[in-house]
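What follows is a set of notes on a single structure, which appears directly below.
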Amino acid sequence: MKKLILHIGPGECGSSSIQDFLHSKEKLFHEDVAFRMLNPNLIQKFNTLEPLEDDMILLKHYIPNNDILILSHEFLFQNPYAIRNICEAFEMKVSEIIIIGYSRKQSDFLVSAYSQWLFRSKNRTSEILLVLKEHGVESRVFHGIEKQLIASIYNDFYSARQLSQYNIMNWNQGYYNIT
């Protein structure tokens, strides 16, 4: 294998569309390419300060005989040590490692996250209504996404966090986790 491409997401930024394209078009590349989705449980195992001694054993079924391997999962974005450890596991086996992430405007992220997940969460919608009530906003005059956006502004985007409780909107804090 000559090259590893690591697609790290983040979620709600078109990752699923990119993954669907890569999976369905894998055989159309001019190069000899293999695309693999990483397992979130494996990503969590790799997200440690200490490199794993059996890292390549854990990754063995992801390694094809192709020239280029594309590994992807948006959960990588939340696990910076996993990114580092996966790269270190491959650094002696490939001549090039490329890390790709696609981002979008935060407002687009908020709308996507709400439309895909947040509107289904009774706890989150109750939380949003409470934020609006605390700030004297009459919630009945707004649609769900509008309530979400208003509450997010009032509570520094806390109510826009993912259902996993990960706050992707706190970009500044994330910079300190880059290794």
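The values are calculated or read from the model by the stated rules, or taken from the named source; none is laboratory data. Keep in mind that what you see is a predicted model, and the values were worked out from it rather than measured. Cβ placement follows ideal geometry from the backbone for every residue including glycine, while neighbour counts extend to all protein chains displayed. Protein only, heavy atoms only, side chains kept; ligands, DNA and RNA dropped before computing areas. Shrake-Rupley method; radii C 1.70, N 1.55, O 1.52, S 1.80 Å.
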Excluding same-chain residues fewer than 8 positions from LYS93, which lysines have a Cα within less than 19 Å of its Cα? LYS2, LYS3, LYS60
Near ARG124, within a Cβ-to-Cβ distance under 12 Å, what is the net charge of the other residues, with Lys and Arg +1 and Asp and Glu -1? +3
List the lysines whose Cα sits under 28 Å from the Cα of LYS122, skipping any in the same chain fewer than 8 residues away. LYS105, LYS133, LYS147
Rounded to a whole number of µm²/s, how large is the Stokes-Einstein D of region 8-155 at 37 °C and 0.692 mPa s, given Rh as the Kirkwood radius over C-alpha pairs? 183
Using only the Cα atoms, work out Rg/Rh for region 109-158, with Rh taken as the Kirkwood radius, to two decimals. 0.92
Can you tell me the order of 102-115, 127-140 when each peptide is scored by its average per-residue count of other Cβ atoms within 10 angstrom, highest first? 102-115, 127-140
The summed charge of the ILE97 Cβ neighbourhood (under 12 Å; Lys/Arg +1, Asp/Glu -1) stands at +1
In µm²/s, what is D for region 85-127 at 37 °C and 0.692 mPa s, where D = kT/(6 pi eta Rh) by Stokes-Einstein and Rh is the Kirkwood radius from Cα pairs? 239
Per-selection metrics, region 55-130 (Cα): Rg and Dmax in Å: 18.0, 55
Carbon-plus-sulfur fraction of the accessible area of the chain, 1.4 Å probe, in percent? 53
Give me the accessible area per residue for the chain, probe 1.4 Å, as a whole number in Å². 60
Sorting check: for 2-8, 65-71, 116-122, which peptide has the highest mean count of neighbouring beta carbons within 10 Å, and how do the rest follow? 2-8, 65-71, 116-122
I want to verify a result. In a Gaussian network model of the chain, Cα cutoff 10 Å, which of these has the top mean-square fluctuation: PHE142, PHE90, PHE75? PHE142
